[in-house]
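Everything on this sheet refers to the single structure shown next.
The values are calculated or read from the model by the stated rules, or taken from the named source; none is laboratory data. Just so we're clear, the structure is a prediction, and the values are computed from it rather than from any experiment. Cβ placement follows ideal geometry from the backbone for every residue including glycine, while neighbour counts extend to all protein chains displayed.
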Amino acid sequence: MDSLISFISEIYKNFGIDAANAGDVWGIAAVMLVTFAAVSFLFRSEQAPQQTQKIQEIPTSEAKEFKTTIEDVHIESSEEAEVKPGLKIVEPVQVEGPTWRERLAKGFARSRSEVWGKLENIFSGEKLDDDVLDEVEEILYTADIGPATAADIIDELRKRAKEPGFDSAQFKLFLRDFLGAILAGPQEKLDPALLSFDSAQSGKTKVIMVVGVNGAGKTTTIGKLATKLTAQGAKVVVGACDTFRAAAVDQLAVWCDRAGAHMVRAKEGANPSGVGYQALEEALNMKADYCILDTAGRLHTKGNLMDELAKSKKVLQKLDETAPHQTLLVIDAITGQNALRQAEEFNQTLGLTGLIFTKCDGSSKAGSAVGIVKNLNVPIAYIGVGENVEDLNHFKVDEYLDSLLQMS
Ligand SMILES: Nc1nc2c(ncn2[C@@H]2O[C@H](COP(=O)(O)OP(=O)(O)OP(=O)(O)O)[C@@H](O)[C@H]2O)c(=O)[nH]1
Ligand SMILES: [Mg+2]
């Protein structure tokens with residue numbers, strides 16, 4: 001033992017440490033051991049984030065067959081979600097901000113100034129003769145309500161113009177009633193569970209498949225929707241089926257993290273239907289109230305988007321033959337009349353149960369909702385007027401028309 005102590009003392013001396021007796025030798029050794037343990041603990045903590053990011057950094061590969069994809073799917077709890085540098089995420093606003101009515105009015109400002117307000121100006125002080133009616137018709141076309149609806153309005157206006165005292169206020173009331181009649185019918189088909197969560201009615205997992213062309217606002221809307229539903233006490237699972245680019249999945253992860261929703265994600269390039277299947281399986285195991293699926297707006301393969309979405313729907317039915325219970329099409333209001341063609345295609349392939357109009361704030365085309373609802377006979381579930389959680393709300397016909405026509 002003595003020779004061991006003198007051997008260690010010699011080593012200490014080489015480092016300039018003077019250990020006079022056996023107590024000093026063991027004391028110094030103990031201090032060194034504790035220091036080493038603390039340094040290695042700190043070092044490991046710094047490494048940890050890089051390890052959890054690994055799964056997101058696997059490069060895109062060819063799309064794999066459904067079976068293999070299931071194995072690729074990585075279940076990620078909201079706590080694991082991370083923000084990648086450069087990712088643009090808008091901070092949610094505080095509830096004390098503007099009311100929904102104020103947001104809607106602000107959102108429709110462009111539609112009013114560029115379209116609906118002009119109608120009022122043209123009409124005021126003028127007789128509703130053929131020239132004025134031509135002008136009204138021209139403006140209605142720019143409102144994107146659809147040529148057939150615009151023509152119907154003009155036909156009706158010709159009759160009403162002959163009525164004594166038909167002034168601009170009556171004209172606005174007429175427009176509100178006319179457009180309201182088109183929108184109200186399909187709204188009756190809307191499932192109330194889409195609008196708010198009722199814990200007394202919970203029991204079966206509701207599967208909501210969200211579709212739309214790229215950039216329409218699917219991911220943002222799902223983030224807002226998940227936030228609203230979890231705030232009402234619902235258990236929500238979100239499936240990141242858009243495996244086209246990693247940034248899209250990261251964007252969703254941030255929303256889910258904030259919402260307290262459970263997210264199911266896969267490696268970039270994995271098969272979307274596999275992710276949907278795994279998300280629903282996880283939602284059923286967790287007895288979640290909602291399973292919301294964020295789908296791709298375009299594919300990384302040359303495959304057809306509609307075929308892929310139809311396949312995803314079929315795969316879900318292996319777990320629940322009634323799924324998806326809602327297939328919601330997100331439409332960017334800026335798209336105007338082109339949105340009708342898109343909506344028809346999605347409806348034909350998937351049988352849409354609802355529409356979500358986004359970006360009504362950045363566009364003068366908020367009227368396009370009328371043409372699409374009329375043609376598809378599908379209700380509008382939600383309307384978006386900005387990038388924050390509070391900028392999404394249930395669609396209500398009266399609110400929409402009052403804001404658009406500045407009725408109150
Ligand atoms: N002004 C405004 N911007 C919105 C609204 N909804 C979404 N956005 C923005 O539109 C952009 C595209 O939204 P995403 O949610 O990524 O669209 P996406 O359909 O998921 O797009 P892909 O994943 O590429 O298919 C984002 O910058 C959103 O912040 C809205 O109601 N108003
Ligand atoms: Mg997206």
Item to check | Enumeration of residues in segment 298-334 that are within 16 Å of ligand 2 (Cβ to nearest atom) and of a type in the set (Val, Ile, Thr) | outcome: Val330, Ile331
Checklist entry - Of the residues Ala333, Ala381, which is without any contact (Cβ under 8 Å) to a residue 40 or more places away in the chain and under 18 Å from the mean Cα position of the chain (by Cα)? => result Ala333
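Name the residue, out of Val213, Val238, that is within 15 Å of ligand 2 (Cβ to nearest atom), among the β-branched types (Val, Ile, Thr), at pLDDT below 95 and within 26 Å of Lys314 (Cβ to Cβ).
Result: Val213 is the single residue among Val213, Val238 that is within 15 Å of ligand 2 (Cβ to nearest atom), among the β-branched types (Val, Ile, Thr), at pLDDT below 95 and within 26 Å of Lys314 (Cβ to Cβ).
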Next on the checklist: Can you pull out every residue in segment 347-358 that is crowded, with 24+ Cβ neighbours inside 10 Å and either more than 16 Å from ligand 2 (Cβ to nearest atom) or farther than 25 Å from Asp289 by Cα (or both)?
Outcome noted: Leu355, Phe357
Checklist entry - Within segment 92-116, can you find the residues that are surrounded by 15 or more Cβ atoms within 10 Å (Cβ to Cβ), small (Gly, Ala, Ser) and either modelled with pLDDT under 85 or in contact with a Phe, Trp or Tyr (Cβ under 6 Å, 6 or more places away or on another chain) (or both)? => result Ser111
Next on the checklist: Go through segment 207-245 and report how many residues are on the phi < 0 side of the Ramachandran plot, in contact with a Phe, Trp or Tyr (Cβ under 9 Å, 6 or more places away or on another chain), within 9 Å of ligand 1 (Cβ to nearest atom) and not hydrophobic (A, V, I, L, M, F, W, C).
Outcome noted: 6
Checklist entry - What are the residues in segment 253-278 that are closer than 17 Å to Val210 by Cα, within 15 Å of ligand 2 (Cβ to nearest atom) and assigned to a helix (DSSP H, G or I), if any? => result Ala253, Trp255, Cys256, Pro272, Val275, Gly276
Next on the checklist: With the requirement that a residue be over 18 Å from Asn393 (Cα atoms), in contact with a strand residue (DSSP E or B) (Cβ under 8 Å, 6 or more places away or on another chain), in a loop (DSSP other than H, G, I, E, B) and free of Cβ contacts under 8 Å to residues at least 60 places away in the same chain, what does segment 193-252 give you?
Outcome noted: Lys235, Asp242
Checklist outcome for this item: By residue number, the members of segment 339-367 that are more than 20 Å from the chain's Cα centre (by Cα) and within 20 Å of Ile182 (Cβ to Cβ) are Leu340, Arg341, Glu344, Ser364, Lys365, Gly367
Item to check | Considering residues of segment 359-395 that are under 11 Å from Ile334 (Cα atoms) and not in a helix (DSSP H, G or I) only, the residue nearest to ligand 2 (Cβ to nearest atom) | outcome: Lys359
